[in-house]
Amino acid sequence: MAKRGQTGHRWGQLASAVGPRVRLLRNALAARSIAALEEFDLPTGSLTVLSLIAANPGSNQTALAKAAGVNKSALVGIVDELEKHGLAARDRSASDRRRNNLTVTPEGEVMMKTMLSRVSTGEDKLAEALGARDHQKLLELLDRANEALEEP
């Protein structure tokens, strides 16, 4: 018998497929995140990009786009908005004048913490349902899955 998904529907030929389940999870978390961050008037993905910049100061835009799962032009638009709001700064690389290094401003650090607290309610529900050990395991499995599918 085919496994049933959260809606009670059978998965049929997709019973062992990861993609549809990941898409459902991603959509649910994204909808919660978008709703929680609506008041900040920043593009979708801004918190992800801001967090990645903070965790990887001086990173270039190409690497950040890949890590954030967005194309380069989308990243440029997000960074433009973050810079416009005084949350991030671009500085020319001393070693490669064609490259911008990105950093989070002090205002960006404060905003990021505020935004993270708003988004955490959706994430907390997931962590609570899974428990600490399974939540950590899910993160590890997702990282491994993403690494396995990275382009060479």
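The values are calculated or read from the model by the stated rules, or taken from the named source; none is laboratory data. A quick note: this is a predicted structure, and the numbers were derived from the prediction, not measured. Cβ placement follows ideal geometry from the backbone for every residue including glycine, while neighbour counts extend to all protein chains displayed.
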Return the residues of region 58-72 that are at pLDDT below 85 and of a type in the set (Lys, Arg); say none if nothing qualifies.
none
Could you tell me whether residue 46 is within 19 Å of residue 107 (Cβ to Cβ), surrounded by 12 or more Cβ atoms within 10 Å (Cβ to Cβ) and not basic (Lys, Arg)?
yes
List the number of the failed condition for residue 58; all other conditions in (1) touching a residue at least 12 places away in the same chain (Cβ under 8 Å); (2) in a helix (DSSP H, G or I) hold.
(2)
Checked pairs for region 124-152, first within 22 Å of residue 32 (Cα to Cα), second among the small types (Gly, Ala, Ser) and at pLDDT 90 or above, C-beta under 8 Å and 6 or more apart or across chains, list as 135/127
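Given the options 140, 38, 83, name the one that is touching a Lys or Arg at 6+ places or on another chain (Cβ under 8 Å) and acidic (Asp, Glu). Quick ask: steps written out before the conclusion?
Details: 140 fails: touching a Lys or Arg at 6+ places or on another chain (Cβ under 8 Å); 38 fails: touching a Lys or Arg at 6+ places or on another chain (Cβ under 8 Å).
That would be 83, the only listed residue that is touching a Lys or Arg at 6+ places or on another chain (Cβ under 8 Å) and acidic (Asp, Glu).
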Within the bounds of region 39-47, is there any residue that is closer than 28 Å to residue 135 by Cα and either at pLDDT below 90 or among the hydroxyl-bearing types (Ser, Thr, Tyr) (or both)?
yes
Of the conditions (1) surrounded by 12 or more Cβ atoms within 10 Å (Cβ to Cβ); (2) assigned to a helix (DSSP H, G or I), residue 70 satisfies every one except a single condition; which number is it?
(2)
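Do the conditions hold for residue 128, that is, is it of a type in the set (Asp, Glu), in a helix (DSSP H, G or I), more than 19 Å from residue 44 (Cβ to Cβ) and out of contact with any Ser or Thr (no Cβ under 7 Å at 6 or more places or on another chain)? Before you say what the answer is, go through the steps one by one.
On the way: of a type in the set (Asp, Glu): yes; in a helix (DSSP H, G or I): yes; more than 19 Å from residue 44 (Cβ to Cβ): yes; out of contact with any Ser or Thr (no Cβ under 7 Å at 6 or more places or on another chain): yes.
Considered against the rule, which asks whether it is of a type in the set (Asp, Glu), in a helix (DSSP H, G or I), more than 19 Å from residue 44 (Cβ to Cβ) and out of contact with any Ser or Thr (no Cβ under 7 Å at 6 or more places or on another chain), residue 128 comes out as yes.
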If a residue must be surrounded by 14 or more Cβ atoms within 10 Å (Cβ to Cβ) and within 24 Å of residue 88 (Cβ to Cβ), how many such residues does region 16-31 contain?
1
